[in-house]
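Asks: First, the structure itself, so that you have it in front of you.
The values are calculated or read from the model by the stated rules, or taken from the named source; none is laboratory data. This is a predicted model, so every value here is computed, not measured. As a convention, Cβ positions derive from the backbone with ideal geometry for all residues, glycine included, and neighbour counts pool all protein chains shown.
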Amino acid sequence: MSALIKLETGVPGLDVLTLGGIPEGRATLIAGKSGTGKTVVGLQIAANLARKGKKTILVAIEESPEDMEDSGNMLGLGLTELAQKGLLHFSNVTRPVDGPTLVSGEYDLYGLFHRIEAIVKRTGAEALVLDSATALFSPRPAPDALRSHFFQLVYMLRSLGLTAVIIAEAAGDYGQLTTMGVEDYVCDLTVTLRNIIDGGRRRRSVEVNKYRRSAHYKGEYPCTITTRGLAVFPLDAREYPGAAHVERYSSGVGGLDEMTHGGWLRNSIIIVRGPTGSGKTMLAGLYARAGAARGERVVYYGFEETQPILLRNYREIGMPMEQYLASGNLKVLCRYPEATSLEDLLVDLRTGLEELKPSLIVLDSISSIEHASSEKGFRQFMIGVASILREYGRSALITQTIAGVNVTDHTAPYLSTIADAILTLDYSTAGYELDRTMRVIKMRGSDHETHPYRLAIQPGGLSVSKLSEEEARRAEAQRRGRTS
C-alpha cells in the first residue's frame, strides 16, 4: 500500500480539520445544499493547487467558465493569471440553454472521459475540480446506472493519476450526503458544508464525514464566506509557539497588579465578570489605555455601545482615549452582534490580528454576543476566539455581564476552560453606599491574592485597595447570606 500524500487546499482552517489537506491522486467529495459555498471551496482548491505548480482542470458543468473565472477573480484567487500561465485550464461542459434539451439513447460518460484524457495529455494536468456531479447527472439515469457511472467517473480520474475534487448537491443539511445517494463509498475524503438556521440566525459549518486511511477532526466546525473565500475555524487545541520566559504586564490598575503579584501574564486570556454597573467596561478601558501608553498596539471591540458614546463616557470619567487613537496605538471598533454573524465576528478578529498586529485585545462585552445567538453558536464562537488568540499568541481581556447575586457561581464550563485568569467584580446594596469588591478567582501559572479587595469607581478610573479584617469578615458574611 502506497503512503498517503496530502495536498494543502488553501482554504484557511480546512487543512487543520483534515490534518494536512486532500489526498493526492484520490477523489474528494464536497457536498452541501445550495448556498453553502461548495463552488467557492472548489475554486479555492483549484487556485491553490495551480499556484503550487500542479496544473489543474476546472470542469464547468453548472456555471460557464467565464462566470467561474469572474467569481474566482473577485475572491482574489487570480484565476485569469493562472490560466494565462498555463497552470489552470477550463473545460466547458455546460448544457446549451438556447433551446430545449432532447434526451435519447442510453446515458454514458465516455465523451467526457475522452475530453478530460485529451486535456491531461495536452497540458500535463495533475488535478481536477468538477462542479458539479449533480448537474452532470441531469437528467438523472436510473439509480443502478447512476451508481455505475459515478464509480466509472472516479475510477477514470484515478487511472489518469488526477487529484480530483467532485462537488455535489445535498438534499438536506443532515442525513443522505448528496441527492444522488451513491457516492460516499467510492471517494476517499468527503466533506459536508452546511448553512442552517440556528436560534433565528444563519450559521455555517463544515464537517469531515470520512477520510480513508487518515485521521481527521470529528464533528462540525464554524466557517464563513469572506471576500477572500471560505474560512474555517478549527477550534483546535494545537500547541502554538509561545514565549519560554515569564513576562508580566500591568493591568492599568495598581491595586489589581498587587492582587496578581505583579500584573497579568503575557499571552493570557482574562475574563472579567460581574453584574451591570460593577465597573467592567471601565476596567477594560484602563487595560487598553495602559497598553497603548506603553507603546503597544491595542484593539478594543465594543459590542454594547457605539464608538462616539463609548469614547464620550471614557472622556467624561477622566479616561480620554483620543491621544492613543491619534497615535495609532489604540483602535476602537464598535458594532452590534445582531447586525452580523458570529463567524463574521471571528473573521474580523482574525483579520484585525493579521493587519493591525495588536498585542492586546479587548472584547466588551461577550454577553451581548451570547444574547444574540444560540447556546451552541455562542460556545463555538468563544472557543473560536480562544483558538485564534492562541494561534497568534495574543493577550486578551474579555468582559461578561452576569445576572444575579453570586458572580463566582455563574460560569459556563467552556468559558472557565479557555480563561487563564478570571476576575470578578461585585457589589452589595445592603448599606447606604454600594459596597464594591474585586476578587481574582483563578490565575494559571501564578500565585495571587485569593481574598477580595475594596473597589471604588472614581474620576480617572478605578481604585483598588485591601480590605481591613473587619471589612473582609463583613464581605464574607454578605456573600454567605446571598448564597444560603
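Asks: Which one is modelled with the highest pLDDT among residues in segment 227-253 that are part of a loop (DSSP other than H, G, I, E, B) and at positive phi?
Replies: 252
Asks: Consider only pairs whose beta carbons are under 7 Å apart and that are at least six residues apart or on different chains; among these, list those whose first residue lies in segment 3-14 and is surrounded by fewer than 19 Cβ atoms within 10 Å (Cβ to Cβ) and whose second residue is of a type in the set (A, V, I, L, M).
Replies: 6/22
Asks: Which of (1) within 28 Å of residue 233 (Cα to Cα); (2) exposed (fewer than 15 other Cβ atoms within 10 Å of the Cβ) is the odd one out, the single condition residue 201 does not satisfy?
Replies: Just one mismatch for residue 201, condition (2).
Asks: Right, something else. Between residues in segment 316-335 that are over 23 Å from residue 459 (Cα atoms) and modelled with pLDDT of 95 or more and residues that are charged (D, E, K, R) and assigned to a helix (DSSP H, G or I), which pairs lie under 6 Å by C-beta distance while being six or more apart or on different chains?
Replies: Every condition considered, no pair remains.
Asks: Further question: Based on this model, can you work out whether residue 125 counts as surrounded by 22 or more Cβ atoms within 10 Å (Cβ to Cβ) and of a type in the set (Gly, Ala, Ser)? Don't jump to the end; show me each part of the working.
Replies: Values: surrounded by 22 or more Cβ atoms within 10 Å (Cβ to Cβ): yes; of a type in the set (Gly, Ala, Ser): yes.
Yes: the conditions hold for residue 125.
Asks: A further question on this structure: Consider residue 274 against the criteria (1) under 15 Å from residue 362 (Cα atoms); (2) among the small types (Gly, Ala, Ser); (3) in contact with a Ser or Thr (Cβ under 7 Å, 6 or more places away or on another chain); (4) buried (at least 23 other Cβ atoms within 10 Å of the Cβ): it satisfies all of them except one. Which criterion is unmet?
Replies: (1)
Asks: Quick check, is residue 338 surrounded by fewer than 21 Cβ atoms within 10 Å (Cβ to Cβ), modelled with pLDDT under 95 and within 23 Å of residue 460 (Cβ to Cβ)?
Replies: No: the conditions fail for residue 338.
Asks: Now for a separate question. If you take the residues in segment 307-328 that are closer than 16 Å to residue 284 by Cβ and in a loop (DSSP other than H, G, I, E, B), which one is nearest to the chain's Cα centre (by Cα)?
Replies: Checked segment 307-328; the qualifying residue nearest to the chain's Cα centre (by Cα) is 321.
Asks: Please specify each residue of segment 453-465 satisfying the condition of being without any contact (Cβ under 8 Å) to a residue 24 or more places away in the chain and either touching a strand residue (DSSP E or B) at 6+ places or on another chain (Cβ under 7 Å) or among the hydroxyl-bearing types (Ser, Thr, Tyr) (or both). Don't jump to the end; show me each part of the working.
Replies: So in segment 453-465, the residues without any contact (Cβ under 8 Å) to a residue 24 or more places away in the chain come out as 454, 456, 458.
Matches in segment 453-465: 454, 456.
Asks: Here is a further query. Would you check which residues across segment 171-203 are closer than 30 Å to residue 25 by Cβ and at pLDDT 80 or above and list them?
Replies: 171, 186, 187, 188, 189, 190, 191, 192, 193, 194, listed by residue number.
Asks: Right, something else. Just checking: which of the strands (runs of 3 or more DSSP E) contained wholly in segment 18-113 hold 1 or more residues that are under 18 Å from residue 206 (Cβ atoms), at pLDDT below 95 and out of contact with any His (no Cβ under 6 Å at 6 or more places or on another chain)?
Replies: Those strands (runs of 3 or more DSSP E) span 27-32.
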